[in-house]
Amino acid sequence: MDAYERITRNTAEVVTDAEIETLAADPDGKRAYVGYEPSGVLHIGHMLTANKLIDLQAAGFEVTVLLADVHAYLNDKGSFASIRSTAERMRDQFIAYGLDESNTQFVLGSDFQLDEDYTLDLHALELETTLARAERAMSEIKSGDSVHVSQAVYPLMQALDIPYLGVDLAVGGVEQRKVHMLARDVLPSIDREPPTSLHTPLIADLTTGEGKMSSSAGVTISMEDDRDAIAEKVNSAYCPPTADPEPTDDGIERENPVLQVFEYHVFPRFETVVVERPAEYGGDLEYEAYEPLETDLESGELHPADAKGALAEYLDRLVAPGRDQLVE
């Protein structure tokens, strides 16, 4: 697998492809980053972008993880003391999950976001941005329904973080797209380069296949889940015997979240996936890539219950090292 393929696999979008090709042609020493609010235990959403960071490290990138304590405070995620305590725990869990510690820099937002130069540049961006534009960029990542001034400042800070961290590539879920597009619009106004960005897909709600999986609503998989909890959640997951389920009666599109988790979480981390089955049901199935597993589910060769059993097993293997950090 060449650098370009590794960088772009399992992505929803890259902005722009030509810029990604340039980075892929000479990735050594290039830097990528993801920012995370330290607001709780690592969950499957963090793990998806962490998988992409692992890909980028394998392609030759250096990685910066922004533990965005100021952002979390602006998004009403608790006191600075509690947020920073969570940030320390998240750092240990990211390393346990598989990030190369020797090639990962962890940075607190408060290490640079309270400096005078940053503050003055932030004010300059505020002068260039309408309230409606800033709020639109924040619409998919804010907490709660109320509109606060902090929600206008938050995406501008995300934009400014990119040049201040000195990174070549900004990584995030597709819910971050509006923020990255805002950054491309406003950063040239302060003589900063517009960022190249890469967006990972969102996993559908585990129980319904609708919308997106969320740690604040519905069911998600986190690093505090033990083996039994993971198995229970996966066994209750929505998994029709098809990769493209029919829409609901009211026209809402659905996805197969079991297949999505296989595609975006399991296969990027395991060279071979074994689905264990009794001999009377055909014996074990072995897969070296996602597509044959999807094909077997569609054809009926792979039963959803067997797929779920394997998924729970491999998720437990992924989660276990970080889960251990919670009890040390």
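Couple of notes before you dig in:
- Residue count, the stretch 64-85 (criterion: buried (at least 19 other Cβ atoms within 10 Å of the Cβ) and either touching a residue at least 40 places away in the same chain (Cβ under 8 Å) or in contact with a strand residue (DSSP E or B) (Cβ under 8 Å, 6 or more places away or on another chain) (or both)): 11
- Residue within the stretch 50-64 that is in contact with a His (Cβ under 7 Å, 6 or more places away or on another chain) and either in a helix (DSSP H, G or I) or on the phi > 0 side of the Ramachandran plot (or both) present: yes
- Being out of contact with any Leu (no Cβ under 8 Å at 6 or more places or on another chain), under 27 Å from Asp92 (Cβ atoms) and either assigned by TED's automatic domain parsing to the domain that holds Phe94 or small (Gly, Ala, Ser) (or both) holds for only one residue in Ala305, Ala289, Ala320, Ala310, and it is Ala320.
- Scanning the stretch 38-45 turns up at least one residue that is outside any helix (DSSP H, G or I), of a type in the set (A, V, I, L, M, F, W, C) and over 22 Å from Leu160 (Cβ atoms).
- Restricting the stretch 179-207 to residues that are out of contact with any strand residue (DSSP E or B) (no Cβ under 8 Å at 6 or more places or on another chain) and charged (D, E, K, R), the residue that is surrounded by the most Cβ atoms within 10 Å (Cβ to Cβ) is Asp205.
- Residues located in the stretch 8-31, provided they are more than 17 Å from Gly166 (Cα to Cα), surrounded by 17 or more Cβ atoms within 10 Å (Cβ to Cβ) and among the β-branched types (Val, Ile, Thr): Thr8, Thr11, Val14, Val15
- Residues that are touching a residue at least 40 places away in the same chain (Cβ under 8 Å), among the small types (Gly, Ala, Ser) and in a helix (DSSP H, G or I) were ranked within the stretch 86-129; the one that is surrounded by the most Cβ atoms within 10 Å (Cβ to Cβ) is Gly109.
- Number of the exception - Gly60 against (1) over 13 Å from Met90 (Cβ atoms); (2) surrounded by 20 or more Cβ atoms within 10 Å (Cβ to Cβ): (2)
- Pairs where the first residue, in the stretch 282-295, is farther than 12 Å from Leu259 by Cβ and the second is part of a helix (DSSP H, G or I) and among the charged types (D, E, K, R), C-beta under 7 Å, 6+ apart: Leu285/Asp296
The values are calculated or read from the model by the stated rules, or taken from the named source; none is laboratory data. Since the structure is predicted, the reported quantities are computational estimates derived from the model, not experimental observations. Cβ atoms come from the backbone with ideal geometry, glycine included; neighbour counts cover every protein chain shown.
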